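The structure appears below as structure tokens.
The values are calculated or read from the model by the stated rules, or taken from the named source; none is laboratory data. Predicted, not measured: the structure shown is a model, and the values here were computed from it. Every residue, glycine among them, receives a Cβ derived from its backbone with ideal geometry; neighbour counts consider all protein chains shown. Only protein heavy atoms, including side chains, enter the accessible area calculation; ligands, DNA and RNA are left aside. Shrake-Rupley method; radii C 1.70, N 1.55, O 1.52, S 1.80 Å.
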Amino acid sequence: MQYISTRDKRKEFSAAEAIIQGLAPDGGLLTPAYLPRLPGHALEELASMSYQQRAVYVMNLFLEEYSVKELTGYAVKAYGPDKFDTDQVVPVRKVDGNTYALELWHGPTCAFKDLALQMLPHLLSGALEKTGAEKDACILVATSGDTGKGALEGFRDVPRTRILVFYPKDGVAAMQELQMRTQEGENVGVCAVAGNFDDAQTGVKRLFSDPELRAELDRRGYFFSSANSINWGRVLPQIVYYISAYCDLLRTEEIAAGDPLNVCVPTGNFGNILAAYYAKKMGVPIAKLICASNSNNVLTDFLTTGVYDRNRPFHTTISPSMDILISSNLERMLYALTKGEDAEVTGYMEQLSRTGRYEVSDTIKGRIRSLFAAGWCGEEETVDTIGRIYREKDYLLDPHTAVAFRVLEKYREETGDETKTLVASTASPFKFCDSVLTALGVADQAAGVEIMEQLSQVTGRPVPGPLAALKGKPIRFSGWTEKEQMAQRVLEMLG
Ligand SMILES: *Cc1c(COP(=O)(O)O)cnc(C)c1O
């Protein structure tokens, strides 16, 4: 299987090259040249396998240069019992007669990014061996929260990698900051940047293209690499869990082979829902893909009107991982929707960077309509949904997942489509205790890590192990920097 750029499909790359590069040299996204079809009885066969085996089966279809033995080693390490608190890895919970939650937050950082970021480091260090790369990878991350911690946990102590994370000093949730500052591992570094997320992100982009810094890195035996969600090595592991969820529903006889299943995904960068689309194209009987947004509803507008317009106010919400106005993985979706018209995709992307806006052709609008439904949910509605679903269904939602539940309700009211639906549950409610307690009507809230125990007492649910372990953990990283000094920090952290 070769990989091509969404902006020029004549250029081909191997899987290992795609994973090392992250982004194509022309700025496009590296995408499989075609999508493999699952053979006829694959879903029934996979239904009796473990999650790790399912991951090996699916990834093997895309990664020619990796042997089954290698992939098995990666899957065992990435999704083993020391990383995930349940053997099922991504359990499917029945919430009511036709709604199922795919719980993607049982990993080391309690958010769905773990499924990809536990696997990516192994794929990357394997790729370094395969391509004969002489230098080691220095991964730079700018984070507004979940990605930074996910990447730190994934890359910690992985051979031939270093991982350095910059986060905005005043722009992440208290729990997220604590998770990063207490990070363990010999190859990790964490530093706050004075300013907001934009300052951190712009700073990191500057580091990537700083010729002096790159030369110094080269002398020390490293090159820069990235772990952000446009890397193919992050999308691929996400396809696995949609296939796995369908298998679990077959195994528990909630559905029969061939039954349609809708999927509803709380969306930011479009990576997670794109993976569901790929699973559908590979042969999983997914019917509608329901894209849920918070008040940053640029995708709702795009999927309903065909006009993408990022020229709008940015809202800071209680579902911060969806506060995004440029959904970078949408480019892969456009490539699929145009059926590989790379020039058309390039045109849209140029308009986006020039004017912040583009409108797709009528043909594409039609294809979008048949594949997708879209909706959004405001702040008050999100809080209300957490409280209501807890009271009525005894199921506890984090704010991101609550957005998806509310959008699904509205979709069902509008269309009358009662097809069984899988909702991607992307974070543990214990990562967002303040919003969740507010939703449950608890105004008098504990400070610091104690708030997790308070939520546990109120709901009778245990605090997830990795979050409970934060209590009393020593702070390893307390430094911060002005954004002009980030290059020096990189060199200090590299040692
Ligand atoms: C990253 C994230 C999302 C958004 O996922 P995308 O793949 O960017 O669409 C949703 N919820 C949570 C909790 C996240 O961390």
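Distance from the Cα centroid of the range 83-145 to that of the range 1-72 is 16 Å (rounded to whole angstrom).
What are the GluC sites (Glu not before Pro) within the range 391-495 that DSSP puts in a loop, where the Cβ has at most 11 other Cβ atoms within 10 Å? Answer by residue number: 418.
Of all lysines in the structure, those lying under 20 Å Cα to Cα from residue 420, and not within fewer than 8 positions of it along the same chain, are 94, 280, 281, 288, 393, 410. Please compute the Cα-Cα pair-distance distribution of the range 160-318 with 10 Å bins starting at 0, giving whole percents from short to long. Binned Cα distances yield the sequence 8, 24, 30, 24, 12, 2. How much of the accessible area of the chain, in percent, comes from carbon and sulfur atoms when a 1.4 Å probe is used? That share works out to 49 percent. One Cα centroid belongs to the range 354-378, the other to the range 405-437; the line between them spans 22 Å. The modelled label-to-label distance for the pair residue 394/residue 453, using points 7 Å beyond Cα in the direction of Cβ, is 2.7 nm. Using the Cβ-Cβ distance between residue 476 and residue 85 with R0 set to 30 Å, the FRET efficiency from 1/(1 + (r/R0)^6) comes to roughly 0.80.
For the listed peptides 229-237, 340-348, a ranking on the average number of other beta carbons within 10 Å per residue, highest first, reads 229-237, 340-348. Charge dipole of the chain (Cα centre as origin; +1 on each Lys and Arg Cβ, -1 on each Asp and Glu Cβ, all else neutral): 640 debye, rounded to the nearest 20. Distance between the pseudo-spin-label points of residue 494 and residue 210 (7 Å out from Cα toward the beta carbon): 1.0 nm. Full extension of the chain between residue 254 and residue 194 gives 16.5 nm of extra length, using 0.36 nm per residue less the Cα-Cα distance.
What's the extension gain from residue 483 to residue 10 if we count 0.36 nm per residue and subtract their Cα-Cα distance?
166.4 nm
What full-extension length gain, to one decimal in nm, is calculated for residue 438 and residue 287 as 0.36 nm per residue of separation minus the Cα-Cα distance? Length gained between residue 438 and residue 287: 50.8 nm.
What percent do you get for the relative contact order of the chain when only Cα pairs under 8 Å and 6+ apart count? Result for the chain is 18 percent.
Rolling a 1.4 Å probe over the protein heavy atoms gives the chain an accessible area of 39 Å² per residue.
If N is the number of residues in the chain, what value comes out of its Cα radius of gyration divided by 2.2 N^0.38 Å?
In units of the globular-protein estimate, the chain measures up at 0.92.
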